[in-house]
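Heads up, the thing below is written out as C-alpha cells.
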Amino acid sequence: MSNLYVGNLPWSATEAQLKELFSQYGEVNSLNIIQDRETGRSRGFGFVEMDQGADEAVKNLNGYELDGRNIKVNIAKPKRESRY
C-alpha cells in the first residue's frame, strides 16, 4: 500500500473531490484532508492511501490544477518519531 502526500490544496477542496480525482488511477483505500484542531479549517494538505496506481497518480496529478491551485502529489515520507 502506498501513502501519498497531497499538498497545496485549495481551501475549498473536499474529500469527495479528491477521491474522485485519485480514483481515476486506482482504488482509494483511505483519504484524509488535515484540518486545524481549533478552527476546523483545512490546513491545505492531506493524505491518500492506494494499493495500486499510486505511481501513476503521482506522475499525472503532481502539478494538476485544482480550483486554481497546482497541487503537489508525492509518496509520503514515513512519520518521524517525536523527539520529546
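A few remarks follow.
- Here is the list for region 1-53: trypsin sites (Lys or Arg not before Pro) lying in DSSP coil, each with at most 16 other C-beta atoms within 10 angstrom of its C-beta, are 37, 41.
- Dipole magnitude (debye, nearest 20) for region 2-75, charges at Cβ of Lys, Arg, Asp, Glu: 300
- Which of 11, 57, 25, positive extreme of dipole for the chain (C-beta unit charges): 11
- Coarse-grained scattering of the chain at q = 0.20, 0.23, 0.26 Å⁻¹, given as base-10 log I(q)/I(0) from a Debye sum over alpha-carbon atoms: -0.88, -1.11, -1.35
- Across the chain, the relative contact order, built from alpha-carbon pairs under 8 Å that are at least six residues apart, equals 40 percent.
- Relative exposure of 67, 55, judged by other C-beta atoms within 10 Å (fewest first): 67, 55
Where a number appears in this text, it was derived from the coordinates with a stated rule and is not lab data. Computed from a predicted model, the values in this text were never measured in an experiment. Don't worry about glycine lacking a Cβ; one is built from the backbone with ideal geometry, like all the others, and counts go over all protein chains shown.
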